[in-house]
Structure formats: C-alpha cells, structure tokens
1. Rg/Rh for region 207-250 to two decimals, with Rh computed the Kirkwood way over all alpha-carbon pairs.
2. Per-residue counts of other Cβ atoms within 10 Å, averaged by peptide: what ranking do you get for 142-149, 186-193, 122-129, highest first?
3. Along the charge dipole of region 78-185, which of Phe117, Gln161, Val136 sits closest to the positive end, that is, farthest toward it, with unit charges on the beta carbon of Lys, Arg, Asp and Glu (+1, +1, -1, -1)?
4. Quick one: Cα centre-to-centre distance for region 203-235 and region 78-125, in angstrom?
5. Take the Cα of Lys83, step 7 Å along the line toward its Cβ, and report every residue of region 103-118 whose backbone nitrogen sits under 20 Å from that point.
6. How large, in percent, is the carbon and sulfur part of the accessible surface of region 157-230 at a probe radius of 1.4 Å?
7. Going by accessible area, probe 1.4 Å, with all protein chains left in place, what is the ranking of Arg114, Arg156, largest first?
8. So how many Å³ per residue does the convex hull of the Cα atoms of region 61-174 work out to?
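The values are calculated or read from the model by the stated rules, or taken from the named source; none is laboratory data. Given the structure is predicted, the values throughout are model-derived calculations rather than measurements. Because the Cβ atoms are built from the backbone with ideal geometry, glycine has one as well, and the counts that use them run over all protein chains shown. Just the protein is used for accessible areas: all its heavy atoms, side chains included, with ligands, DNA and RNA removed. Shrake-Rupley method; radii C 1.70, N 1.55, O 1.52, S 1.80 Å.
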Amino acid sequence: MQYHSRLDPVMTVEVVSDLMDTFMMAVYTLAADCVRNREEEDEEREKEAKGDLLVRTLNGLAELLKQLLLKDLSSQNLDNIFKHLEPWLSSTVELERHRAMTNACQLIDCYYDRKEFGIGNATVFAHLGDHVGLLVPRVADPSVSIRQLAVTCIQRLLQIQLLYNGHSRDEEDQVVGGISQLRERVAQDDPNALYTVVNDIAKVLSLKLPADQLDPFLRRLFKGLLDPQDHSSSSACVVLNGVMRNRGAELRTQVRCWSQVGRYAAGVR
C-alpha cells in the first residue's frame, strides 16, 4: 500500500486525496473478526492468519500516510491529511474512531520527529488551533484508549508549538509536560473525574494557545458540540466555556461574528 506514495511522476493533489479516501474507507471499516463458523482448529488458524493480515493492512495505511506527509513536511500538508481523518475521528463506530486516532498520533509524532525547527527563530504553527480543537471531543470519548491517545496528541501538538516558538527539544515546559499526568487520569470512567480532566485541559489550552490560533480553535470546538458521542460534545462545551472565560477579551474585535456563531450552534442543538 505504501508504495503508491512513491510513484513517479508525483501524483496530483486530486489523486492523493482520492487515494487517502479510498484506503481509509477500505481499512477503517474492516471488521476486527470476520471468521466464519468452522471446526475449532480451522477457525483458530484462520483467526491467526486474518489477524496477521489485519495488522499488516493497518501498518500499510500508517506507512502510506507517513510517506505522504514526508513528501512535504509542512503544517499545510499535515492539515490536508487531517481533513481526511476528520470524519473518521467522530465516527459512530468505536473501532473506526480508534484506528483514525491511532493514525493521527502517528502522523503528529512523525511531524515532531522529522520536522526541522530553528532554535531561537520563532515561526507560526498555522493549523495548531484547528488540530487541537478537532481532538478535544475525543478526550471524553467512551473508549479509554481513544481518550488517552487524544490527550497524548494534544500534548505533542503543544510541544510542536514550543519548537515553532524557537525552543530547543531539550527545554522543558512544566505546563505542557504536566499533560502526561492527565493521560493517566483520563483512564477513569467516573464522569466527575473525567470532567475534572477536561477542565484541566481547558486551563492548559487557555495558557498555551497563541492569540492567532484562538479563532480557528473555537470555531472547531463549535463543530465539536455536534459530536455524536454525548460525553464528547460535553467535553467540547466545557473547554469552549473555559477558554472563552479566560481568553474571551482577546476576541472583542470579533464579538458580533461569535455571537452569530453562538446563536447558530444553540439553534442546532
């Protein structure tokens, strides 16, 4: 599968887009267990064979997306790939959400590991707000593993933002580093404990999101209010309220626009 990304001549944007959609549809919707009723011994052998095939298929998609990212290691290209992941991240099927979330984390890690940043030379991480806003609802996903992946991804995105700000990889940021503790706490299924974690995420984002990323971040959170999972939409609401309360003054020039968006979201809900 990954060899498609290495074909020459270079594929057009349209071809790459169709390629990602086709492979995501084929891979994300694969059943975890599609073994038919057979003799126990034959069934066990088939399970092993199909399990191995499924792992190789998932790894193939991950490698394909990674190679597509490495062809143009820019925030715009990362955003282009994330747009294809977006509908799967909010799928009503947990398995599909988990596979998309796994690929999202792999891409963010690849970007962090392979992107070259200039120490002391601050630049802009153009799509930070949109990416983080897309992941916030998953912090309260019904699946524990998806919740933990989402927290990990948000932490990594904020670490990338620090590198864009000119920090070295060796520099530690206590606020961003503290998100690791939230990853452990988000494993709890208690609604009150989960609310506390989401509220803490809101505090971190209020501190760490650059001013120019507030608008795309909040716009993305408004879309998160419509997430099919109730707890996930509530997560978007909690973070939205928290960030607006702490950083709302910075959006005064857009008050009219945001009041219109707010009325629209209220009407949809």
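1. 0.99
2. On the way: 142-149: 18.9, 186-193: 12.9, 122-129: 17.2.
So the peptides 142-149, 186-193, 122-129, ranked by packing, come out 142-149, 122-129, 186-193.
3. Farthest along the dipole direction, towards plus: Val136.
4. The two parts, judged by their Cα centres, are 16 Å apart.
5. Of the residues in region 103-118, 103-105, 107-108, 111 have backbone N under 20 Å from the label point off Lys83.
6. Reported share for carbon and sulfur atoms: 46 percent.
7. Order by accessible area, largest first: Arg114, Arg156.
8. Details: hull volume 11.3 nm³, N = 114.
About 99 Å³ per residue, rounded to a whole number.
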